[in-house]
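The values are calculated or read from the model by the stated rules, or taken from the named source; none is laboratory data. Given the structure is predicted, the values throughout are model-derived calculations rather than measurements. Every residue, glycine as well, gets a Cβ built from its backbone with ideal geometry; the counts of neighbours run over all protein chains shown. Quick note on the areas: whole protein, heavy atoms, side chains included, nothing else; ligands and nucleic acids left out. Shrake-Rupley method; radii C 1.70, N 1.55, O 1.52, S 1.80 Å.
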Amino acid sequence: MADLSPLESGAPRIGKVWLVGAGPGAADLMTVRAARLVAAAEVIVHDGLVDGEVLAMARPDARLISVAKQRSRHSMAQEDINALLVSEALAGRDVVRLKGGDPFIFGRGGEEAEACDAAGVPVEVVPGISAAMACAAQAQMPLTHRESASAVTFVAGQCKGLTDQDWSGLAGHGRTLVIYMGVATANDIADKLIADGVDPALPVAVLQSGGRSSFKAYRSLLADLGGMVARERVKSPALLVIGDVARRGNSIDSLKLLKQQADALQ
């Protein structure tokens, strides 16, 4: 006897979860597939970094659920987000889990996919442009360059056990280190890298609000990283680029600007 479909057998329909990368900000930096899914979704569970321009693409009757996270203040624990996705799908609804950037680059998409798989909920991942690529492109700052860097590494600067992490060899000559969520710990990051032997004079850049009209890019030296973040009043979302590539592209020289301001006061 052939297997019956859920509809034929009377079993309830199980919805599907799409883990969708919304990209760095502007709606026109999303993939075509992501835009189509947002426009068709019954339920959209979204992060705080998803731009209002993107959410405006949802259909009028879509249910929008914010699970925004900020440093030390989460509107919903990750385990509860996992459970929400599963429960909505098991209730027969199709869900778009909309994340800033890419779901699998510091987006906890892997945990959500695993939770769906464990519950027997179909899940699909739609990649997005991550902040590293978007910010670097907007600043015209290549993360790799034949004369500056042949390797690039992404790390998270805001996580448990920062001082215990082994970053040896990730920054220095011929390498680019990109740090997500590192604004609040910029001083600690600089101290950690210098203590690990990285040259205090290594160029660094801070790229703020990538993919948006409010984008800003500043550069300085590793020893001045924390000072630059404080002086320029850098706010999240922003990422740090550490390496020779930070000399390239279009960014404001924060140390030069500081000197100009000091000279003007004399």
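A compact table of results
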| item | result |
| --- | --- |
| Taking only Cα atoms of region 164-266, radius of gyration then Dmax in Å | 13.4, 45 |
| For ASP253, distant residues with modelled amide H under 5 Å away | ARG219 |
| Accessible surface of the chain [probe 1.4 Å, protein heavy atoms]: carbon and sulfur percent | 53 |
| Principal axes of the chain: Cα extent on each, largest first, Å | 84, 37, 37 |
| Rh by Kirkwood over Cα pairs, then Stokes-Einstein D for region 82-218 at 0.692 mPa s and 37 °C, µm²/s | 191 |
| Cα centre as origin, Lys/Arg/Asp/Glu Cβ charges: region 175-248 dipole, Debye | 420 |
| Listed pairs LYS99/LYS256; LYS99/LYS192; LYS192/LYS259; LYS99/LYS235; LYS216/LYS259 exceeding 25 Å between Cα atoms | LYS99/LYS256; LYS99/LYS192; LYS192/LYS259 |
| Of all DSSP beta bridges in the chain, antiparallel share, percent nearest 5 | 45 |
| Among GLN165, GLN140, GLN208, residue whose mean-square fluctuation peaks in a GNM of the chain (springs only between Cα atoms under 10 Å) | GLN165 |
| CD proxy at 222 nm, helix term only [per DSSP H run n ≥ 4: -39500 (n - 2.57); per residue of the chain; nearest 500] | -8000 deg cm²/dmol |
| Distance from region 65-130 to region 204-231 (C-alpha centre basis), Å | 30 |
| 1.4 Å probe accessible area per residue over the chain, in Å² | 51 |
| Relative contact order computed over region 131-266 (Cα-Cα under 8 Å; 6+ residues apart), in percent | 30 |
| Kirkwood Rh, angstrom, region 215-266 [1 / mean 1/r, Cα pairs] | 11.8 |
| Using alpha-carbon coordinates, inclination of helix 186-195 to the longest axis of the chain, degrees | 60 |
| Approximate spin-label separation SER150-ARG59, in nm, with each point projected 7 Å along Cα-to-Cβ | 5.2 |
| Longest DSSP-loop-exposure-free segment, trypsin sites (Lys or Arg not before Pro), the chain, at most 11 other Cβ within 10 Å | 72-145 |
